[in-house]
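Peer 1: My structure is below; once you've seen it, I'll send some questions.
Read the figures in this text as sums done on the coordinates, not as results from a lab. Computed from a predicted structure; not experimentally measured. Note that each Cβ is placed from the backbone with ideal geometry, even for glycine, and that neighbours are counted across all protein chains shown.
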Amino acid sequence: MASDDVLTEGEINALMESVDDGTSAADAADDGQFRRFDFAAREQSLLREFTALGPLIERHAEVLGVALESGFSIEFTVLAETPELLSVADALASLERSVAVTTSTLSPLVGPVFAIAPAALLSYVVNAYFGGGSTSPSESARSNLTPTELRLAERIAEFQLSSISQAWADKLSLEAGELGTLGVPDRLEMVPSSDMLLRLAFSLRAGEFSSQISLMLPFAALEPYRERFFPPRKKDVVSNGQTWEPFFRRELPNIELEIAGVLATQSIALADLLQLQVGTVIPLKPPEEVSLNIDNVSLAEGRYGSFDGVKAVQLHRLASLLLPTN
């Protein structure tokens, strides 16, 4: 992200966390200490919020493998590596001495994206695709890529961009722009060195040959779409695909409730209440009506009596919530 950005919510949360030795930020301030804040760690923490990114990258690898085999008639095993966030300066330092860097865009993301292909891979594809053998020549003395290798690098970049567009289609619709390929890593210097890039790396294996390609996206351009990479919310449906209503209609009638019958009530002065003792008799007027309550909610009223030798209540009025609606 640009160095002049204001603190985001993630940065504020990180600043409020405990310091490495377990001392809280407030305690550190009381001790006159300065709190160390690792902005790279902050970015890695934000990356963990993109929980759907893992499955998308796995899908990306599958689509990319099919595209490479179709384009070059070489059966590559393509495996997705763990995504990581790098500053532009660190990304430059991580590149091999001889690589092809293809620059493009992925609308609606703002900023350039970079597809990286090492010279060893390009040389292998040239030899295998054009019939020059499948063994990669030594790269130790190479400093420049051939025009053929640069064209192949751009072709590989096309596969990477089309693959990510296909793999991410359900989360974010991406459209690649024009491509430009050079055999020098300096193309990354067009972005401020402190900006963060999301590096999507893929290991390639064909027989005994192995290599790696990567795609670097501007992380700041992804943050506005962060919620799209959250895990999908579970819908309130039962296993057969219906709504919960039939389930509740079937199960709720079997729930047991405790009904309390209020036979009579009597008001009493506080002074009399304080004088109550065992054996005290409180006179109650025989009730004409009995209220049936559940959790202090009146459900019905009736007349007190007996039925088949047991005390009972004959209902003569129901609460409105129990009455039929039609």
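Peer 1: Label-point separation (nm) for residue 162 and residue 273, each offset 7 Å from Cα along Cα-to-Cβ?
Peer 2: Between residue 162 and residue 273, the label points sit 8.4 nm apart.
Peer 1: Still on this structure, I have one more. ³J(HN,Hα) across segment 305-314 via Karplus (A = 6.51, B = -1.76, C = 1.60, θ = phi - 60°), whole Hz, x for Gly/Pro?
Peer 2: With the stated coefficients, segment 305-314 comes to x, 9, 8, 6, x, 10, 5, 8, 10, 8 Hz.
Peer 1: Long-range amide H contacts for residue 290: which residues qualify at under 5 Å (H placed 1.01 Å from N, peptide plane, sequence gap of 5 or more or a different chain)?
Peer 2: 302, 303, 304
Peer 1: Just want the answer: with Cβ charges of +1 for Lys and Arg and -1 for Asp and Glu, which residue in 269, 304, 259 is farthest toward the dipole's positive end in segment 249-326?
Peer 2: With unit charges placed on the Cβ atoms, the residue in question is 304.
Peer 1: With no solvent and one equal point scatterer placed on each C-alpha of segment 78-228, evaluate the Debye formula and give log10 I(q)/I(0) for q = 0.11 Å⁻¹, two decimals.
Peer 2: Log10 I(q)/I(0), no solvent term: -0.42.
Peer 1: Measuring from label point to label point, each 7 Å out along Cα→Cβ, what is the residue 264 to residue 225 span in nm?
Peer 2: Each label point lies 7 Å from its Cα, and together they span 7.7 nm.
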